[in-house]
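The values are calculated or read from the model by the stated rules, or taken from the named source; none is laboratory data. Quick caveat: nothing in here was measured; it's all calculated off a predicted structure. Cβ placement follows ideal geometry from the backbone for every residue including glycine, while neighbour counts extend to all protein chains displayed.
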Amino acid sequence: MKAFYATVEIEGFTFAFVVADGKVIRAKFLTKESDEAFAEEIEREGIKAERNPFALQHLVRLLQSYASGGRIALEKVPVFMNGSSHDVKVYKAIRRLTFGHTATYGEIARIVGSSARAVGRALARNRVPLFIPCHRVIRSDGTLGGFTPSVEIKKLLLKLEGFSL
DNA sequence: GAGTCATTTCCAC
DNA sequence: GTGGAAATGACTC
């Protein structure tokens, strides 16, 4: 598969994403690893990704304005969802959450007919964070819950969307 | 199967 | 109201 990748700085974190066939197939906040390491990780999955911010400049701009506080509907960007049918149901439910809205794990669970615990597991495996806005899913007691790789990122993203934490 | 979770809910204090 | 335990369901090994 032929794919392109690019990175964007969001609030001091590097966000890398891979696009193939006009869809985002993989995204990740890089905490420790370099973007080269990210490219290698992608390649191990059988995807040859070439760094080409120019080809992806539309998305790069979108992310940059999101990073500077713009109301960008990232959940509208086409993504490739892989995972079990349960995972995909969870992802679809979450993509209905628009900018500035949140839901609890339990609410998502009721929509897809599973349990809060299972929703958390599905989100932990989310391959396209931000585009599937898993940071908008919080715990019912008002605390954040978890985030991979770091809740600090979840906190930042929610702050970007206007929540005071 | 047993063990692992990015949770929730219920029931004693 | 708080704290702990049980229920929970999908997943991995």
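If you go through the stretch A:105-134 and pick out every residue that is within 14 Å of DNA strand C (Cβ to nearest atom), over 22 Å from A:Leu62 (Cβ atoms) and not aliphatic (A, V, I, L, M), you end up with 10. Which count do you get for residues in the stretch A:135-159 that are away from DNA strand C (no atom under 15 Å from the Cβ) and either touching a residue at least 60 places away in the same chain (Cβ under 8 Å) or not β-branched (Val, Ile, Thr) (or both)? Summing the residues that are away from DNA strand C (no atom under 15 Å from the Cβ) and either touching a residue at least 60 places away in the same chain (Cβ under 8 Å) or not β-branched (Val, Ile, Thr) (or both) in the stretch A:135-159 gives 14. The helices (runs of 4 or more DSSP H) found wholly in the stretch A:1-97 and carrying at least 1 residues that are within 16 Å of DNA strand B (Cβ to nearest atom), within 21 Å of A:Ser150 (Cβ to Cβ) and within 16 Å of the chain's Cα centre (by Cα) occupy A:85-95.
The set of residues in the stretch A:120-140 being under 12 Å from the mean Cα position of the chain (by Cα) and of a type in the set (S, T, N, Q) consists of A:Asn126 alone. Answer yes or no as to whether A:Val151 is within 12 Å of DNA strand B (Cβ to nearest atom) and modelled with pLDDT under 95. When the stated conditions are applied, A:Val151 passes them. Looking across the stretch A:112-128 at every residue that is outside any helix (DSSP H, G or I) and not basic (Lys, Arg), the one that is farthest from A:Val151 (Cα to Cα) is identified as A:Gly113.
Residues checked against (1) under 29 Å from A:Glu33 (Cβ atoms); (2) of a type in the set (Phe, Trp, Tyr); (3) out of contact with any Leu (no Cβ under 7 Å at 6 or more places or on another chain):
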| site | (1), (2), (3) |
| --- | --- |
| A:Leu63 | yes, no, yes |
| A:Pro78 | yes, no, yes |
| A:Glu107 | no, no, yes |
| A:Pro133 | yes, no, no |
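Only a single item in (1) near DNA strand B (Cβ under 9 Å from one of its atoms); (2) under 16 Å from the mean Cα position of the chain (by Cα); (3) in a helix (DSSP H, G or I) is not met by A:Gly146, and it is number (3). Regarding A:Leu123, is this residue of a type outside the set (S, T, N, Q), at pLDDT 95 or above and in contact with a helix residue (DSSP H, G or I) (Cβ under 7 Å, 6 or more places away or on another chain)? Yes; evaluated as a whole, the condition is true for this residue. The residue pairs whose first member lies in the stretch A:1-20 and is surrounded by fewer than 17 Cβ atoms within 10 Å (Cβ to Cβ), whose second member is modelled with pLDDT under 95 and assigned to a loop (DSSP other than H, G, I, E, B), and whose beta carbons are closer than 6 Å, counting only pairs six or more residues apart or on different chains, are A:Met1/A:Ile47.
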